[in-house]
Ligand code: HPA
């Protein structure tokens, strides 16, 4: 708790008491969304007390404060993954901080492997629910100031926000898929048998992030909205063409940015 409060205090001092309404976590390859933000402050993780520092290439470690569609936002450019060796408390530390800064909802994005065989590379999947196969970040003494010992996980991914996203996507001609995100530790990608297993237990996409952050946000009663960019199809026979995957990822990132921007405007 002390660590979290210390980080909050330092951020408030460095940002002239900026009060973000929406928190955003940008996944692998999705940092381009920052171009949609009218940036007011940019804080490097290394300058925030107690904040872990990202190690993965392609993940910049910055907290960005600014406005999108007239709303104040804080965006994490670079997140922390369990497979990097962080504890689950470290992985979810920034979510606690953003919640204490006052965000009223959390938008999360990630790159994920498609399990649902009707998905194509480059599809955007609205996360409707998740299956957690990572250690639970709430294990340990409950911080009752934040939330209950046994948090409810109904409406984990807010129906209300998802409905708005669907309406915006129709208007903007953005194709959406919907499905269940399976959160794994990684860092290995799945074997064919594992992709089949995740399909059998009800998964539509699989990735190595998002679930811990959402659990902690829900512990604090923060409504969540999550989008996966499908970067590969686990059960497809075809080996992905690397260049095509990158191109599809970039195009999907642009669509995701448009969806996030319009959604934030209309929140
Ligand atoms: N599995 C797990 N994580 C991923 C994948 C995958 O196939 N693709 C992108 N992130």
Review point. Is it true that residue 190 is in a loop (DSSP other than H, G, I, E, B), within 16 Å of the ligand (Cβ to nearest atom) and surrounded by 14 or more Cβ atoms within 10 Å (Cβ to Cβ)?
Key: yes
**Study point:** residue 206 touching a helix residue (DSSP H, G or I) at 6+ places or on another chain (Cβ under 6 Å) and within 12 Å of residue 115 (Cα to Cα)
**Key:** yes
Check your understanding: Taking residue 108, is it more than 22 Å from residue 250 (Cα to Cα) and crowded, with 21+ Cβ neighbours inside 10 Å?
Key -> no
Review point. Based on what the data block shows, is residue 128 at pLDDT 95 or above, in contact with a helix residue (DSSP H, G or I) (Cβ under 8 Å, 6 or more places away or on another chain) and closer than 19 Å to residue 25 by Cβ?
Key: yes
Point to revise | Filter result (assigned to a helix (DSSP H, G or I), within 15 Å of the ligand (Cβ to nearest atom) and at pLDDT 95 or above) within the stretch 193-244 | key: 193, 194, 195, 196, 197, 198, 199, 211, 212
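The values are calculated or read from the model by the stated rules, or taken from the named source; none is laboratory data. What you see is a predicted model; the values in this text were computed from it and never measured. Quick reminder, even Gly has a Cβ in these numbers, built from the backbone with ideal geometry, and neighbours come from all protein chains shown.
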